[in-house]
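Before any comments, here is the structure.
The values are calculated or read from the model by the stated rules, or taken from the named source; none is laboratory data. Note that the coordinates shown come from a computational prediction; the quantities given were computed from them, not determined experimentally. All Cβ positions, even for glycine, are placed from backbone atoms using ideal geometry, and neighbour counts span all protein chains on display. The protein model used for the area step is the full one, side chains on, heavy atoms only, and it has no ligands, DNA or RNA in it. Shrake-Rupley method; radii C 1.70, N 1.55, O 1.52, S 1.80 Å.
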Amino acid sequence: MTKLLEDETTEVRVNVIDSAVSVSEVVGADSISQTVLPKIIASMQDKQWRVREAIVRNAPALGSVLGVDVFGSKLLSLLLEALADSVQKIRSSAVETIQPLSKNFGWDYVYKNFLSKVGNCVFICTRGVKY
């Protein structure tokens, strides 16, 4: 699975990310966390926006499988970074993760760890922008 995340075909990489949760049900969350998750995190630097969007879109489901601690230490920062991505679809997908995250971890967690940091992201992203 990790080799497929390095495939030159964008669709292959997107499909691997989309299937990570299903695969974790077979091989276990620990295996995914140790082998596949580091490659998924590295793929947030992929120049193909669809790969980055697939990661953002699947982050809540991965978090649900991997647990709140792994989500908070590995995936949460990716969602915050996605809010500043140059591609609108990725930014939109990051916002759309709020509902599934609240379902998985509760509104208090989402507010404390995600929404409260969005203001900082907006400030950083708009620095130097003339209105």
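Data overview
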read-out	value
Expected 222 nm ellipticity per residue - DSSP helices of 4 or more, -39500 (n - 2.57), all of the chain, to 500	-18000 deg cm²/dmol
Candidate values [x] 14.7, 51; [y] 14.5, 46; [z] 16.2, 52, label of the one derived for Rg and Dmax of the Cα atoms in Å	[x]
Overall Cα dimensions of the stretch 4-78, principal axis frame, Å, largest first	30, 26, 17
Using a Förster distance of 22 Å, the FRET efficiency for Thr2-Glu81 (Cβ separation, nearest 0.05)	0.50
Gap separating the Cα centres of the stretch 85-112 and the stretch 36-78, nearest whole Å	12 Å
Gain on full stretching of the segment that runs from Ser31 to Gln48 - 0.36 nm per residue minus C-alpha separation	3.5 nm
Pairwise FRET efficiency - Ser92 versus Thr9, Cβ, R0 = 35 Å, nearest 0.05	0.90
Extension gain from Ser22 to Val118, taking 0.36 nm per residue of separation minus the Cα-Cα distance	31.6 nm
Net charge of neighbours whose Cβ lies under 13 Å from the Cβ of Ile90, counting Lys and Arg as +1 and Asp and Glu as -1	+1
Gaussian network model of the chain, Cα within-10 Å springs - most flexible of Ser93, Ser64, Ser73	Ser73
Accessible surface, the stretch 9-82, averaged per residue in Å² (probe 1.4 Å)	45 Å²
Cross-link pairs Lys47/Lys112; Lys39/Lys103; Lys3/Lys117; Lys3/Lys112; Lys3/Lys74; Lys74/Lys103 - those with Cα-Cα distance over 24 Å	Lys47/Lys112; Lys39/Lys103; Lys3/Lys117; Lys3/Lys112
